[in-house]
1. Give me the pairs: first residue in segment 804-823 and in the same structural domain as F855 (by TED's automatic domain parsing), second residue crowded, with 18+ Cβ neighbours inside 10 Å, beta-carbon distance under 8 Å, and six or more apart or on different chains, which are they?
2. Residue check, I506 against (1) surrounded by 20 or more Cβ atoms within 10 Å (Cβ to Cβ); (2) modelled with pLDDT of 95 or more, all met but one. Which one?
3. Please count how many residues of segment 607-621 are part of a helix (DSSP H, G or I), within 14 Å of E806 (Cβ to Cβ) and either among the polar types (S, T, N, Q) or touching a helix residue (DSSP H, G or I) at 6+ places or on another chain (Cβ under 8 Å) (or both).
4. For segment 297-350, enumerate the residues that are surrounded by 13 or more Cβ atoms within 10 Å (Cβ to Cβ) and either small (G, A, S) or on the phi > 0 side of the Ramachandran plot (or both).
5. Quick one: count up the residues across segment 773-824 that are assigned to a helix (DSSP H, G or I) and either touching a Gly at 6+ places or on another chain (Cβ under 6 Å) or among the small types (G, A, S) (or both).
6. Where in segment 285-370 are there helices (runs of 4 or more DSSP H), lying wholly inside it, with at least 3 residues that are among the hydrophobic types (A, V, I, L, M, F, W, C) and closer than 23 Å to H516 by Cβ?
7. Could you grab me the full set of residues in segment 291-307 that are without any contact (Cβ under 8 Å) to a residue 24 or more places away in the chain and not basic (K, R)?
8. Are there any helices (runs of 4 or more DSSP H) wholly within segment 680-738 with 3 or more residues that are more than 19 Å from L385 (Cα to Cα), and if so which?
Amino acid sequence: MFCNYHNHRDYSNIFTPDCSVKIDDYVKRSKELDHKILSSMEHGFQGRYFDTYDVAKKEGLKFIFGTEAYWVKDRFEKDNTNGHMCIFAKSEKGRRDINRILSEANETGYYYKPRVDLDLISTLDPNEVFVTSACIAFWQYEDIEKIVLDLNSYFGKNFMLEVQAHHTDPQRKLHKRILDISAKHNIELIAGCDSHFIYPEQAKDRNAVLEAKGIRYENEDGWFMDYPDGQTFKQRFLDQGVLNEPQIDQAIKNTMIFMDFDDYDSDLIKVFSNDIKLPTIYPDLTQEQRDHKYKQLLNSKWRETKSTIPKEKHTKYIDEIRKEGSVVVNTKMSDYFLIDHEIVKEAVSMGGIITSTGRGSGVSFYTNTLLGFSKVDRISAPVHLYPERFMSESRILQTKSLPDLDLNLGNPEVFIAAQKKVLGEGHSYPMIAYGTFKRKSGFKLYAKSQSLDFDIANEVSKQLENYENDLKYAEDDEQDLIDVYDYVDEKYHHLIKESEKYTGIISDKKPHPCGHLIYQGNIKEEIGLIRIKSESTKKEVIAALIDGDIAERKKFLKNDLLKVDVVKTTYDTYKRIGLQVHSETELLDVIKDNDKVWDIYASGLTVGVNQVEKYSTTQKVMKYKPKNISELTAFIAAIRPSFKSMYHTFESRKPFAYGISSFDNLIQTEEMKNSFVLYQEQTMATLAYAGFPSDETYGIIKAISKKKPAVVKPLKERFLKGFSDKILAKENVTEQEAFDMSDKVWKIIEDSSGYGFNASHAYSYALDSVYCAYLKSHYPLFFYESLLRHFSEKKNKDKLGLLKEEMQRGFNIKDGGIKFGTDNRSFVADEKTNSIYADLSGIKYMNTKIAEELFELRVNTYEYFIDLLVDISQKTSVNSRQLKILIMLNYFDDFGHSGYLMKIFDEFNEGKYKYKKTYVAKTIETRLTELRRIEKELKVNNVPEVLPNETIMFQIEHMGYADAKYPNVNASWCVVTDLDTKYSPKLTLYNLRRGEERIFKMDKKTFNTRDASLRINKGDLIEITGFKKKARQIPDGNGGFKPTDQIDIWITGYSKYTDKEKLHG
């Protein structure tokens, strides 16, 4: 019997990638061996210790809190020695001490990794922690023996020298040294496993993780990294041949010290309890006083708002406000809303932008609208929104849960600053999120472990790459529309399913996309802090060591401050046109029966329109053609993958009902006459109709979706009786008919419980979408300007290209491009010319400083291009590479075409009379005279233009897209901008006349022509001389193919450019 205290799971990968096993693997092995502890320790941090605690309690194991910390002598020095040291808590005080020093290591000791130092270690209470010398990585400093003696002197019996059973020469040599120190200074030995997996055969999974991270550890032969039984563990030490049997037995026996550590009692240690941990900003007030403050706030806000509500509706509104307020007060949740109200109020005063709509079920509480969290009026909304979906007394009190209020923001950084100001230092931090291997990486791990055929693995990997690229550029609220199975051939779906084991392996850490921990206590000591780099901003943040799942389970307050791009772009467009953002009511008025708005969807002009940007959703919305907000809301719910089986019926707009008038009347609304169960709230209404209390219905849906017979059976019986009784009272039917109808509806509830979409969520999405459609249809020039600026800042060049193509095609807005003399400091709309000039800083190798400097030169007049080059040389920071790029991009085309200007620049920069601003004045004047003469001569010598394909490929390389048009070129001429020859060759062709890209296909025989002069390469200029249209085919799952309703164009004839004159018609 021994305690395996030194072990690692996949959470160690966030600092040192070398694990693939999970906590459940350790639990299973502990049970096999009748071992008694479960340790949270990981490389560099405490691990996901809340989860370890819960699992240990559930499985009857003793929870051990600890870390294998990185340590140096002085954390303020740039010392990356990063020794290892195991530190464990013997008590709650020890746990807080460890959290404190690890938090400090992340705040002040971070140098590539968080490092504690000897000074921090000396602040630990020596009676409340237990320390070991960990692995061979502890012993790195030349004076390590002195450090060992100091640690032994400070921690006494709570410090031991760790020995490990590896069969390597360095380990044997170290053990001889350890035995000598132990004997001289009477320091106990302790046997550590240093497990990184459970069974030896799992080494291949660990190696796959290392390979995926591009890591190779040298000299691991002879290392044991599994979790052995006691007999094997002892035998390994004996075979190592350094420690004698009594020393081995004592070192193993010493591991039982962990059984003497304090047990963690969640009734006493608040953070481990499952009780609600709701902070307050009014700690000196009683709960009753805080509730009174909340009710006063609602009264004040209603008095400010009621003038905008028709008087005849005031009674209804007051009644609903009282109901919602009572739910908040009776569940003791007033503090949640008081906190967020203060944060929002402070942030807005600081320039914060909050959405007019919202997210999630929060908009179904009108009181949230009063408090400024949204502008949605659920009482008057055309889509029925149920307040019970957000909060009900029974759900909050029975489940002891917090409501989930999302704040959708245009600039969350302002709200984060406001949150910190309102709550005070140390009571709010971003939360951590653990990243797992992405689909492609996980699949590669799986393919390697299964020795999958190389060609198949390569094919699936390429399909997964397309999926990940689309996911990367999707907005947060559109990512659930992107289904991996839509990208992978059906015959490989089983491989994707099987690879999910590997996609679940923890690979990295990142800040939670929106979640912030708000806590009354000392987060640094009670929770712990960790330094994380943001993927999007590349900035480092200090975050709380708690993720969203743990926060929900342990009932911490997670404040969601979500950045939503559409909030910012909508706000910017309204500001640009000089209007206040429409309220929900005003927006519904201006879009009602407004064909210009709804034609945006019907015509597929959806780039930048929330929820319908993806190609497949654009195609769907063009077929469905929503005509009002209810239809758009339903459409947004219907396109979710979970509604796939019913979608075509929905899209066809054929009348759909279940033939049970009581049920159909319940589901249908004035604007939606069909009986699709799209929303969770519709299921909730059905349950309430059958006699279930309204505030219990959401919990019942969740229970039904889990499909546990013991739970579902009594609910079904209760429903059948209640619904049958209601039908018998309202319909002219027999008891059997009523029962059959009830059974049919129950099946609908069971089917929809797993996919029903939140109506409040869908309605908010629809409002965000229609804001975009309204602005695009009525103020297209400024809508596109705002979006081009936004996506330029995000460096999303693909989206910039799509926006430019659509604004020209749909609204005849000209792309002003980049042109000397115009304002290219950002994207700028010009109403006179109906143009938008491009942002120079978005081009490869350019920056905002250059854009500013060139803009300053616009006021000057230049007879010669040479004179402009002189000013650029003297007055700007533009270098020669940047100048060449600008010339090739036709920035200076007022002076001539790029071929001509490049010749002039070569003379200016490298010719016989080249210019340097360091020359004396007389030399400069002489050389400029000669350069002007050369410019004149070149002008009459008809210098050849740069070929179109060179310009197009240059634009793509430096701008990320091409926009050059050649109106005098035959429409059949194209540039090959990309090639995919894996199967039937796909050619991405840029049409020179129209200035747009399209994918064509070509059969292999035509593509692989024997005529070398006709072989196609990327960047070639070709003329299409023949083509045919064919229905696209996809795998049918049985080894064959089936046609779809999408059309591919196949090139049957072409020629390559040989003569410039052939380009022109």
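1. none
2. So I506 meets the others, but not (2).
3. Number satisfying all stated conditions: 1.
4. G325, K332, S334, A347
5. Looking only at that region, the number is 8.
6. By residue number, 334-349.
7. Within segment 291-307, H292, Q296, N299, S300, E304, S307 meet the criteria.
8. Of the helices (runs of 4 or more DSSP H) lying wholly inside segment 680-738, those with at least 3 residues that are more than 19 Å from L385 (Cα to Cα) span 697-705, 709-730.
The values are calculated or read from the model by the stated rules, or taken from the named source; none is laboratory data. Note that this is a predicted model, so its numbers are computed, not measured. Glycine also receives a Cβ, built like all others from the backbone with ideal geometry; neighbour counts cover every protein chain displayed.
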